[in-house]
Amino acid sequence: MAMLAAVPARAQEPLNPPSPLVRSATGRSPGGGALTLEAAERARNLGLSSMAAELYRQLLDAPGASRPALTLALATVLLDAGRAAEAGEALRALAEPRDAAWHLRAGLAAVQLKQLDVARAELATIAGDEVTPADRAWYWFLQGALFDLAPVQDVSKANEFYLKAEAAATNELAKARFQLAAERVRLQFVRPTKEVADQIRRNFERWQGRAVGYDAARSYAVILAALERASEAVQFLQQQVLLTLPPQERGWRDEFNFLLGLIGDRGRTGAGRNALLLLLRSGTNAERQRQALQLLAEASRVEPERSQFRAELNKLLAAAPKHAIRESLLYYRAQLALAEKDYAQAERDANELQAQFPGSPLRAHAFGVLTQSAWEQGRYRSVADNARKARAELPAASGQARADFGVLEAEAWFRAGDFRNAADAYAAVLRERPAGLEPRRLGELMFQRVLAEIKSGSPDAARVLDELENDPAFDLENQWQAEWSLARALQVQGRTAEAYARVNRLLAGQGNEGAAPSSTALKPELRARMAWLQARLSFEAEQFEQTLKLVDALVAAPGEVNAGLKNEIASTATLLKARAEFALGREPAALETLKRLRADHPKADAAIYSYMIEAAHYADHEKIGEAQLRLTSLTDNPEYQNSEYVPDALFQLALLSERLGQEKNLQEANRRIEQLVSSAVAAGQPDLIFTARLKQGDLFRKLNDFPSAQRAYEDLVIRYPQRPDVVIAQLALAECHNAQSSADPAHAPVHANIAQLKFEELRDRVDAPADVRVEAGYNLGALLARRGQQPKAADVWWRDVITPFLLDDRKPFEPGAKRPYWLARTLLDLGALLEQQEKLEEAKRAYLLLLERKLGYGEALAKTRLGRLGVPPAGR
């Protein structure tokens, strides 16, 4: 459905990889949830109650949702939309105890359902000091409605409370909502009879052209609508009131156009819609114009009404002099543009609103538009900046909204890779935590703060984690994920022993190093997980005998944990034991352990993965046939067809076939990759599909089937243009064209031109990994040399490869880097080219540079060539 207003934020990639032993992890983005919540609030503020209700329902359906707060918000917008029965149903779903916020909404629902005794009873249960600032306007509105609808109507009192509700509104659009709600209450509760209608009609005819006559006309139209004679009411207002209204009665014209819009059809050509458009174009009552804007927006959620509404907004904003409610018009158009993904227009309108109305209460919402626009486009630094500004615009009393923007800022910094700012932003949200923030959500934020500290490289990450673990709101699963993340980070940094020592201390109840013993013991479920981590870290530290002892102790006494966690710990720990036995060279014991694992936990992930562990053991010992048998035991087992490990097992089978090297083996590897792609699509593993297709292209090249290899690489480049590692496929594609420029004489120039262009693009891409740029640069020079452009080839090799990546970059190469190999080949080929050009001294410098930098390739050949050029061993 084409939607007018705020839409839920585009789904983002999960912030973090999943942690083991966590089954309830949702993978949801706290920032995305906060942005959708803010979008729902904006929709409500615009008067788009139905849209807001849809967004709140989406939030309620999300795992880990804050049900009480979201249910109250949903009930509020359902009441705004006049859907009182649904609101009541939602409220009844909330269990006791029920607070003032619940009773207030129950009272408002009862008013709409004409259950006035129930409404009065609900109001009587509410103490005025229990009403939150955010609900105070509705509290006054409920009292006004009950005076308005009393058996003996007290209009004076009703208006007094309605005015209090309007005064408590935070901006003009919110005020318009209460005015509109009051009008609807009066329409709903008119007690009409035909006799009363006839009498009021006579009063109108008698006093036509005077104020009392206009009052009578309004009352008569309302009564006709209440008698389900809306078409007569519309005809009466059009032909007998508006048509005869003197031009100077501009205020009454606004009132009658508004009433016609409230009663009449608001479809594309409806009388109600036309009246509201006329009120917007030429009216003088700004309050009625804002109400008209809300009614039109709610009626313009689908085409063709939406396009008509957009066009009308454009006309009103382009008109001179500037419209009286220009601030509101800009806000509505910004929201419309945002919903249609017209980000430039949305941002122009939001920025203009801020510039032209610096004191506007809508500034925070305008920053919300800018925040969502940037989020949708993945511009996370801009998200952080606008979320911070929105938060600054909100008063301290708006705790939940401030917290949401704080979460958005923190997550945006995190996604932008600025982990230091992310950690500080998470800390700020936790310091100001509003009373209504649920413990589960607080736990997520605490975990994210720890993770940001870890990723920022802060030496205080462990201390921050220790401090947060004393907070009751830090739930067990988020504590565990934080501990797991810290341990993994220490391992990546080569500090496995430190991670192992920390876990040992915590399990011994000693807290952080140098600190006093922990005042509270680890809870059973966290202790069981930490004991599992202790065993795993002992394995990573290559203390395999200790691993066996820890696993046996853990499986024998897992502690008081739920059955699901107990089984998962037992199965994964048993697999760890088998791996330790393999590492100790105890193959029979390891195989027996795997057999027991599969018997005791046949459907556990660890049991399925055990086939891959066993296959890896055989492959490491060059028993390729045995390894293939174990992997096919996984891939061909009908019970495992839906396992996430099947695609990976198929990939390993392809790699094993490739290792065997014969043409039939390479064809078998290709068949396995085709199986893998089908399986990975079903399992939702796009990363593995990319890796497999890349390997498939390599296999085709080994089979000298360059056209098929070219198609495989082209498919990757087209399908995955946004992946950072797509440059690897682009490089392979360039090399494929390069190979065909030699192997396919008929099309050699075409392939050579394409290869040259692609090598040049990769050489110049500053966002590409250095390994890719160096390899592309080497191949570019080699291609130019083969095409007879030796001077240009020498320039490319020296200027674009050796100078930036060897002479100017003196840092040590990272483990596994491919640059040393390609740099060495570049220097060898450059030296050979310079020898051909009889630039012998320059050739010598190239060979000597290769030896000086100890690139690990070609040193013997460089020494031979130097000897041939007369350089003695001492000079090398």
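For the residue pairs K623/K695; K818/K854; K811/K839; K566/K603, alpha carbon separations beyond 20 Å are given by K623/K695; K811/K839. Shown here are the Rg and Dmax of the Cα trace of segment 326-365, at 9.3, 28 Å.
Put a dot 7 Å past the Cα of R868, heading toward its Cβ, do the same for A817, and the two dots end up 2.9 nm apart. Counting charges near H103 (Lys, Arg +1; Asp, Glu -1) among other residues having Cβ under 13 Å from its Cβ returns a value of -1. Over segment 327-481, the reciprocal of the mean inverse Cα-Cα separation, the Kirkwood hydrodynamic radius, stands at 16.4 Å.
Label-to-label distance, T632 versus Q248, with points set 7 angstrom from Cα along the beta-carbon direction: 10.1 nm.
Here the calculated FRET efficiency for D117 and A599, from their Cβ-Cβ distance with R0 = 51 Å, stands at 0.15, rounded to the nearest 0.05. The separation of segment 104-119 from segment 309-368, counted between C-alpha centres, amounts to 36 Å.
Relative to the longest principal axis of the Cα atoms of the chain, the long axis of helix 439-455 makes an angle of roughly 40 degrees. Rounded to the nearest 10 degrees, the angle from helix 49-61 to the longest Cα principal axis of the chain is 40 degrees. Measuring r between the beta carbons of E467 and Q667 and using R0 = 60 Å, the FRET efficiency lands at 0.50. Enclosing the Cα atoms of segment 612-705 in their convex hull gives a volume equal to 85 cubic angstrom per residue. Using bins of 10 Å that start at zero, the share of Cα-Cα pairs per bin across segment 295-365 amounts to 20, 54, 25, 1, in whole %. When the Kirkwood radius is taken over all Cα pairs of segment 264-410, what Stokes-Einstein diffusion coefficient follows at 4 °C and 1.567 mPa s, in µm²/s? Translational D for this selection: 80 µm²/s. Only protein atoms count toward the accessible area here, which uses a 1.4 Å probe; on segment 516-624, the carbon and sulfur part of that area reaches 51 percent. Highest mean packing comes first when the peptides 137-146, 695-704, 580-589 are listed by Cβ atoms within 10 Å, giving 137-146, 695-704, 580-589. Taking the charge dipole of the chain about its Cα centre, with +1 at Lys and Arg Cβ atoms and -1 at Asp and Glu Cβ atoms, the residue from A81, V555, S282 reaching farthest to the positive side is S282. Given the C-alpha centroids of segment 613-635 and segment 29-101, what is the distance between them in whole angstrom? One Cα centre to the other: 54 Å. A Cβ-based charge dipole, computed about the Cα centre of segment 645-774 with Lys and Arg at +1 and Asp and Glu at -1, lands at about 180 debye.
Would you be so kind as to identify which of Q377, S538, F236 lies farthest towards the positive end of the dipole of the chain, taking Lys and Arg as +1 and Asp and Glu as -1 on Cβ and the Cα centre as origin? Going by the charge dipole, the pick is F236. In percent, rounded to a whole number, the relative contact order of segment 720-777 is 32, using alpha-carbon pairs under 8 Å and six or more apart. When +1 charges are put on Lys and Arg Cβ atoms and -1 charges on Asp and Glu Cβ atoms, the dipole computed for segment 604-688 relative to its Cα centre reaches about 200 debye.
Once the chain from D795 to R348 is taken as fully extended at 0.36 nm per residue, the excess over their C-alpha distance is 156.2 nm.
A Cβ-based charge dipole, computed about the Cα centre of the chain with Lys and Arg at +1 and Asp and Glu at -1, lands at about 1360 debye.
Note on E232 and Q153: the extension gain reaches 25.7 nm, defined as 0.36 nm multiplied by sequence separation minus the Cα-Cα distance.
Ordered by solvent-accessible area of protein heavy atoms (1.4 Å probe), largest first, the residues S231, S657 come out as S231, S657. Can you tell me the FRET efficiency between L655 and N753 if r is taken as the Cβ-Cβ distance and R0 is 41 Å, rounded to the nearest 0.05? Taking R0 as 41 Å, the efficiency between L655 and N753 is 0.75. The mean sequence separation of alpha-carbon pairs under 8 Å and at least six residues apart, normalised by the residue count of segment 650-702, gives a relative contact order of 35 percent. Peptides 572-579, 830-837, 33-40 ranked from most to least packed by the mean count of surrounding Cβ atoms within 10 Å: 33-40, 572-579, 830-837. Please compute the length gained on full extension between K623 and A320, using 0.36 nm multiplied by the number of residues separating them and subtracting their Cα-Cα distance. Separation in residues times 0.36 nm, less the Cα-Cα distance, equals 100.7 nm. So what is the relative contact order of the chain, in percent, for Cα pairs below 8 Å that sit 6 or more residues apart? Relative contact order, the chain: 5 percent.
Within the shell of other residues whose beta carbon sits under 13 angstrom from the beta carbon of L94, the net charge comes to +1, with Lys and Arg scored +1 and Asp and Glu -1. Put simply, segment 45-101 fits an ellipsoid with semi-axes of 18, 15, 9 Å; these come from the alpha carbon gyration tensor as the roots of five times its eigenvalues, largest first. The Rg/Rh ratio of the chain, with Rg taken over Cα atoms and Rh as the Kirkwood radius over Cα pairs, comes to 1.09. Each 10 Å bin, from zero up to the one with the longest distance, holds this percent of the alpha carbon pairs of segment 694-787: 18, 50, 30, 2.
Put simply, when 422-434, 853-865 are sorted by average Cβ atoms within 10 angstrom per residue, most first, you get 422-434, 853-865.
Relative to the longest principal axis of the Cα atoms of the chain, the long axis of helix 624-635 makes an angle of roughly 20 degrees.
Rounded if a/c is under 1.5, else prolate if a/b beats b/c, else oblate: with a ≥ b ≥ c from the C-alpha gyration tensor eigenvalues square-rooted, which is segment 748-876? Since a/c reaches 1.5 but b/c is at least a/b, the shape of segment 748-876 is classed as oblate. Projected label points at R845 and E340, each 7 Å from Cα along the beta carbon direction, are separated by 6.2 nanometres.
The values are calculated or read from the model by the stated rules, or taken from the named source; none is laboratory data. Please read all numbers here as calculations on a predicted model, not as lab measurements. We place every Cβ from the backbone using ideal geometry, glycine too, and count neighbours over all the protein chains shown. Heavy atoms of the whole protein, side chains included, go into the accessibility calculation; ligands, DNA and RNA do not. Shrake-Rupley method; radii C 1.70, N 1.55, O 1.52, S 1.80 Å.
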